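K.L.:
Let me give you the structure first, and then I'll get to my questions.
The values are calculated or read from the model by the stated rules, or taken from the named source; none is laboratory data. Quantities reported herein were computed from a predicted structural model and do not represent experimental measurements. Neighbour counts run over all protein chains shown; Cβ positions are idealised from the backbone, glycine included. Side chains included, ligands, DNA and RNA excluded: accessible areas come from the protein's heavy atoms. Shrake-Rupley method; radii C 1.70, N 1.55, O 1.52, S 1.80 Å.
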2 protein chains.
Amino acid sequence: MRPQDPELELVHLLRATVVELGLHSARFAARTGMHPTDVRALIALMDASRAGEEMTAGRLGAGLGLNSAGTTALVDRLERAGHVRRVRAAGDRRKVLVEVDERAVALGWEHFGPLIGRVVELLRVYDERELAAIRGFLEGVREAAGGED
Amino acid sequence: MRPQDPELELVHLLRATVVELGLHSARFAARTGMHPTDVRALIALMDASRAGEEMTAGRLGAGLGLNSAGTTALVDRLERAGHVRRVRAAGDRRKVLVEVDERAVALGWEHFGPLIGRVVELLRVYDERELAAIRGFLEGVREAAGGED
DNA sequence: ACAAGAATCTCGCTGAGCGAGATAATAGCC
DNA sequence: GGCTATTATCTCGCTCAGCGAGATTCTTGT
């Protein structure tokens, strides 16, 4: 396989799309005075909350690729900005649960809502088989990127 | 539209996939002692080179969302590591062309090659209509994420 | 109770990226 | 052809994100 092979067209398109999504998040970060990592953290927290899962400081940092010191600093920043609250876990009091503030959720929704709406709109035109193809492709890429490499 | 709406399933999957791809790049960065931004820069440079375009310091920095000072520092780092060369543009001698070193290309290919191979493999099972759906979706997302918001 | 282990935090430090302004080269104007 | 405005990059000084090492607090198994 060589970089100019035509079968790589979709790979390049995927990469370009990921880059564009990254810049979109960066604009949100700049607009709200946050750092890219803070935005990634908020997204992870909102996603966990959506899935009904509790998020601890440790798991959050691990998910973002930070060590414990960096994680503490991250949560400090988010807490100082009023975007999250620290809550000691009832069961295991060593753990710190990080809860997102409702206003932070609203802020994120305000920025990402239009994009999400446009993507949902996009999906309208596809039938079940096409949607299955898109879903299968994304899942495949996610698995291919995860784990060993 | 609310965060738990079922039509958002694919949006969440897309986000999860992007996160996983980001972590994959981060592992490459850690392995080669580079910073995430350096990796993004190398990818941008390799892509421009693949497309047969010259890349100037300014356009590189703009593409990554850096200001001029940060761009200079970035190119300094990459040059010091031997990944790129600075070349004054022949036509307009204010411009600095940034050229990727062949060994950096090989290094990147070594890390991203397996992932790319797996994605190409993935695409094998789809027929033309399904591939068109995937392509259309990615292009749509890229456009939705770009520009105003 | 007590040792071993787990989750987080503190401290000191390195270095990425920013703002402001300097420098060098080009382009437009009369 | 010089003179000014503009463009591209670089320099300087600074702030703050994230790291390594180790301290602290809480849990669990014996």
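K.L.:
Using a 1.4 Å probe and ignoring any ligands, DNA or RNA, find the accessible area of A:Val98 and quote it in Å² to the nearest 10.
P.N.:
Surface open to solvent at A:Val98 totals about 10 Å².
K.L.:
For n ≥ 4 DSSP H runs only, could you compute -39500 (n - 2.57) per run for chain B, divide by its residues and tell me the 222 nm figure to the nearest 500?
P.N.:
Value at 222 nm, helices only, nearest 500: -22500 deg cm²/dmol.
K.L.:
Under the definition of partner shielding as Cβ atoms of other protein chains within 10 Å of a residue Cβ, what is the mean value for peptide B:107-119?
P.N.:
4
K.L.:
Could you work out, residue by residue across A:65-73, how many beta carbons of other chains sit within 10 Å of that residue's beta carbon, and then give the average as an integer?
P.N.:
The per-residue average across the peptide is 1.
K.L.:
Let me see the pair-distance distribution of chain A: every alpha carbon pair, 5 Å bin width, integer percents in order.
P.N.:
Spelled out bin by bin, chain A gives 2, 8, 13, 18, 18, 14, 12, 8, 5, 2, 0, 0 percent.
K.L.:
Same structure again: Two decimals is fine: what is log10 I(q)/I(0) at q = 0.09, 0.11, 0.14 Å⁻¹ for the protein assembly as shown, from a Debye sum with one equal scatterer on every Cα and no solvent?
P.N.:
Normalising to I(0) and taking log10 leaves -0.49, -0.74, -1.18.
K.L.:
Of A:Gly113, A:Gly52, A:Gly82, which has the largest mean-square fluctuation in a 10 Å C-alpha GNM of chain A?
P.N.:
A:Gly52
K.L.:
Given a Förster distance of 22 Å, report the FRET efficiency between A:Glu143 and B:Arg129 from their Cβ-Cβ distance, rounded to the nearest 0.05.
P.N.:
0.40
K.L.:
Among B:59-71, B:12-24, how do they line up by average Cβ neighbours within 10 Å per residue, starting with the highest?
P.N.:
Ranking, from highest mean packing down: B:12-24, B:59-71.
K.L.:
Which value, in debye to the nearest 20, describes the size of the charge dipole of the protein assembly as shown about its Cα centre when Lys and Arg Cβ atoms bear +1, Asp and Glu Cβ atoms bear -1, and nothing else is charged?
P.N.:
It comes to approximately 1320 debye.
K.L.:
Using a Debye calculation, one point per C-alpha and no hydration shell, please list log10 I(q)/I(0) for the range A:102-149 at q = 0.15, 0.18, 0.23 Å⁻¹ in order.
P.N.:
The Debye formula, applied to the Cα set alone, gives -0.64, -0.78, -0.84.
K.L.:
So, R0 is 35 Å and r is the distance between the beta-carbons of A:Glu102 and B:Arg27; what FRET efficiency does that work out to, to 0.05?
P.N.:
Using R0 = 35 Å, I get an efficiency of 0.50.
K.L.:
A follow-up question, please. Which FRET efficiency value, to the nearest 0.05, is calculated for A:Glu79 and B:His35 with the Förster distance at 35 angstrom and r the Cβ-Cβ distance?
P.N.:
For R0 = 35 Å, the calculated efficiency reads 0.85.
K.L.:
Next question. Roughly speaking, what is the centre-to-centre gap between the range A:47-69 and the range A:12-33 when only Cα atoms are used, to the nearest Å?
P.N.:
21 Å
K.L.:
As a test of reading the structure, rank B:Val11, A:Val87, B:Val125 by solvent-accessible area (1.4 Å probe, protein chains only), most first.
P.N.:
Ranked list, largest accessible area first: B:Val125, A:Val87, B:Val11.
K.L.:
How many square angstrom of accessible surface are buried between B and A, both sides summed, with a 1.4 Å probe and rounding to 100?
P.N.:
5800 Å²
K.L.:
Just to check I understand the Karplus step: with θ = phi - 60° and J = 6.51 cos²θ - 1.76 cosθ + 1.60, what whole-Hz values come out for the range A:17-33, glycine and proline as x?
P.N.:
My calculation for the range A:17-33 gives 5, 4, 4, 5, 5, x, 5, 4, 5, 4, 5, 4, 4, 4, 5, 9, x Hz in order.
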